[in-house]
Amino acid sequence: MKKIIYIAGLGHSGSTILDMALGCHPEIVGLGEIYAVFNKKNQKALFEESTCSCGKKGVDCDFWKNLRKISSSDKTVEEKYRLLIDVFNEKYGNEMILLDSSKNSYPYLQFLNKEYDLRVIYLTRDYRSWVYSRFTRTRKPMLFFIFRWYFENKKLLYMLKKYGVKINYIGYEELAMYPELILKKICKFIDVDFSKDLLFPDNTKSHIINGNISRVDKDKRKGFFYDFRWMTSGRLALLSSLFAVFNRFNKKLVYSNISRTNKDDFHIFGNKKKDILSKKHNE
Ligand SMILES: [Zn+2]
């Protein structure tokens, strides 16, 4: 059965860089937000104006140039998806894994889960970081974004659970701080061997024509970076102290891979390793 990876989560959570990193794997090709490409309203912008992560315009991109007719047709989303998979298989072979990072646009998820071997990576950015970045971009109240983060994630999670899909929770913070550790966990979830190639998203063979502009940002494509400006916001610190429920949900979604480990074994900072080294080199 054809394997499909779907990155779910809210926009601005780091899905573009994760799509590009996974697209460096020899068995995976990422296609960005497929659902947005299927939208008839986006055709001109995406195919004529947008630059793909491969560096070419949509009309010249090795993958998407073959999809314009299908995308702009009146077919249903499911029909379009089936045709896209045919084009994909013809180009890359049946064994190649397709990666879709449409995030919280999921009208075809149930169909994908029924007909394909679907693996969902639920990517979440710490709500304080997400809220601060949305706030600095739009100047709308932080409180508005705090609630939005919470309720949109709740809704998305509810739908995914209802569909009964396999979910792997990944925090963007975990990924940015310990990319190798987290990418290894993702590879295990997808059942592919880890490759160090994943640590260099710039070398991706993914074709992303819709998504965060970081897809064409030479500096951001070099690796995983973390924007920690939110840590300087007093207002955000005060607001986040008021929402214990949100903080619990945040911990569950964003830090599940590192908070589950024993304090002594915690990645490279655990006490066990320090004790062994101290015994050998301090005494
Ligand atoms: Zn391309």
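The values are calculated or read from the model by the stated rules, or taken from the named source; none is laboratory data. Model, not experiment: these values are computed from the prediction. Reconstructed Cβ throughout: ideal geometry from the backbone, glycine too, with neighbour counts over all protein chains shown. Only protein heavy atoms, including side chains, enter the accessible area calculation; ligands, DNA and RNA are left aside. Shrake-Rupley method; radii C 1.70, N 1.55, O 1.52, S 1.80 Å.
Surface composition of the chain: carbon and sulfur atoms hold 52% of the protein heavy-atom accessible area at a 1.4 Å probe. About its Cα centre, segment 41-86 has a charge dipole of approximately 80 debye under the convention of +1 per Lys or Arg Cβ and -1 per Asp or Glu Cβ, with nothing else charged. Shape analysis of the chain places it in the prolate category; the axes a ≥ b ≥ c from the Cα gyration tensor give an a/c of at least 1.5, with a/b above b/c. Distance check, please: which entries in Lys252/Lys274; Lys41/Lys185; Lys44/Lys154; Lys69/Lys114 exceed 31 angstrom between their Cα atoms? Result: Lys41/Lys185; Lys44/Lys154 exceed 31 Å. Here segment 3-281 is treated with +1 on each Lys and Arg Cβ and -1 on each Asp and Glu Cβ, and its dipole about the Cα centre works out to around 1120 debye. Rolling a 1.4 Å probe over the heavy atoms of the protein chains gives segment 53-205 an accessible area of 48 Å² per residue. The order of the peptides 47-60, 115-128 by mean Cβ neighbours within 10 Å, most packed first, is 115-128, 47-60. What is the helix-to-structure angle for 127-138, meaning the angle in degrees between its Cα long axis and the longest Cα principal axis of the chain, kept from 0 to 90 and rounded to the nearest 10? The angle comes out near 60 degrees. Close amide H pairs (under 5 Å, H built 1.01 Å from N) link Ser101 with Ile7, Leu31, Gly32, Glu33, Ile34, residues at least 5 positions away or on another chain.
Highest mean packing comes first when the peptides 257-267, 230-240 are listed by Cβ atoms within 10 Å, giving 230-240, 257-267. Positive contributions from Lys and Arg (+1) and negative ones from Asp and Glu (-1), summed over other residues with Cβ under 12 Å from the Cβ of Asn247, come out at +3.
In segment 4-88, if the dipole is taken from +1 on Lys/Arg beta carbons and -1 on Asp/Glu beta carbons about the Cα centre, which of Ile85, Trp64, Gly30 is farthest to the positive end? Working it through, the farthest residue towards the positive pole turns out to be Trp64.
Which of rounded, prolate, oblate describes segment 235-283, given a ≥ b ≥ c as roots of the alpha-carbon gyration tensor eigenvalues and a/c under 1.5 marking rounded, otherwise prolate only if a/b is larger than b/c? Note, shape of segment 235-283 comes out prolate.
The listed peptides 212-219, 269-276, 185-192, ordered by packing as a protection proxy, come out as 185-192, 212-219, 269-276 (highest mean of other Cβ atoms within 10 Å first). The 3J(HN,Hα) values that the Karplus relation (6.51, -1.76, 1.60; θ = phi - 60°) gives for segment 202-208 are, in residue order, 4, 8, 4, 10, 5, 10, 10 Hz. Gly and Pro appear as x.
Relative to the dominant Cα principal axis of the chain, helix 77-92 is inclined by about 90°.
Once you have a ≥ b ≥ c as the square roots of the Cα gyration tensor eigenvalues for segment 99-253, tell me rounded if a/c is under 1.5, and otherwise prolate or oblate according to whether a/b is larger than b/c. Oblate is the answer for segment 99-253, as a/c is 1.5 or above yet b/c matches or exceeds a/b.
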